1. Specify whether the C-alpha gyration tensor of segment 170-248 places it in the rounded, prolate or oblate class, a ≥ b ≥ c being the square roots of the eigenvalues: rounded for a/c under 1.5, otherwise prolate if a/b is larger than b/c and oblate if not.
2. For the charge dipole of segment 3-246, defined by +1 on Lys and Arg C-beta atoms and -1 on Asp and Glu C-beta atoms about the Cα centroid, which residue among V92, Q63, V164 has the Cα displaced farthest towards the positive pole?
3. Once you put a point 7 Å from the Cα of K2 and another 7 Å from the Cα of K140, both along the Cβ direction, what distance in nm separates them?
4. Could you size up the charge dipole of segment 3-246 around its Cα centre, putting +1 on the beta carbon of Lys and Arg and -1 on that of Asp and Glu, and report it in debye to the nearest 20?
5. Sort 141-152, 24-35, 172-183, 107-118 for me by packing, meaning the mean count of neighbouring Cβ atoms within 10 Å per residue, highest on top.
6. Once both labels are modelled 7 Å past Cα along the beta-carbon direction, what's the N12-S80 spacing in nm?
7. Given a 1.4 Å probe and every protein chain left where it sits, what share in percent of the accessible area of the chain is carbon and sulfur?
8. For segment 147-248, what's the relative contact order in percent, using C-alpha pairs closer than 8 Å and at least 6 residues apart?
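The values are calculated or read from the model by the stated rules, or taken from the named source; none is laboratory data. Computed from a predicted structure; not experimentally measured. Here the Cβ positions follow ideal geometry from the backbone for every residue, glycine too, while neighbour counts run over all protein chains shown. Please note that ligands, DNA and RNA were not included when accessible areas were found on the heavy atoms of the full protein model with its side chains. Shrake-Rupley method; radii C 1.70, N 1.55, O 1.52, S 1.80 Å.
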Amino acid sequence: MKTIMAANWKMNKTRSQGEALASEVAAGLEKRPEGRDVLIFPPATALNIVSQSSMGRFETGVQNFYPEENGAYTGEISASMVHECGATWVLVGHSERRHIFNEPDELIARKVNFAVEHGFKTMLCVGETLEEREAGDLRKVLTRQLTSALSGQSPEAASSVLAVAYEPVWAIGTGKTATPADIAEAHGLIRDVLRALFGSACEELPILYGGSVKPSNTAEILGVDNVNGVLVGGASLEAKSFLDIVFA
Ligand code: PEP
């Protein structure tokens, strides 16, 4: 399985800023990182131009969409709109969607099902809050988030189009990175739940770590068992630091 090096720009970069950053990243990928796939989730307004700037060196995905074909859903965007902008991936269940926009497990499951049915590769984010961790609920939270979002999926989807990103909420954008032992424990738990859902097909499903990844900690994180990539927020907003992560 290839290692996935993913950037989540969140609500940063205008269209022209996105074009400049994507072009710099594409130029930096002239010599391709061996065994690594690069993926960028720009804001929707920059998706088209970022896809066009990739020179085929990275894929793009959308950070959010609504799971209906079209219709009276003011403010939302559909999967076919996203598809035409060149996106091959969708991000679902990011903690900012869960906690700031109150997305429930049921909507997250609908989004995963819709995205897979419509041919998107789908990255599901899961992770516990500090409160849940301190209450000893890590296993319970991860099991609930994974099972509710993925139980409609087949082993074939698990081995070809699904990815999971473990992002402890307390480590996102805080500068606090989980320790290698924390990461190993959570990724091991996630692999166990995926094995229960999909059997041996789960071994092909990449599990990424996200939460204050930077150039200086990437190699150590990628060396942890069951870590098959990273999802990077803040450190992906500048070409040099993201490229340093990609090549770490
Ligand atoms: C993220 O947004 O998915 C993330 C992990 O952010 P950061 O790297 O800034 O913690």
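1. Values: a/c = 2.37, a/b = 1.85, b/c = 1.28.
Prolate is the answer for segment 170-248, as a/c is 1.5 or above and a/b outweighs b/c.
2. Result: Q63, furthest along the dipole toward the positive end.
3. Spacing of the two 7 Å Cα→Cβ label points: 4.0 nm.
4. Numbers: 21 positive and 31 negative charges, 70 e Å.
Using only the charged Cβ atoms, the result is roughly 340 debye.
5. Values: 141-152: 18.8, 24-35: 14.2, 172-183: 15.8, 107-118: 20.5.
Most protected by this proxy first, the peptides run 107-118, 141-152, 172-183, 24-35.
6. 3.5
7. 51
8. Working: 153 pairs, mean separation 31.9, N = 102.
Rounded, it is 31 percent for segment 147-248.
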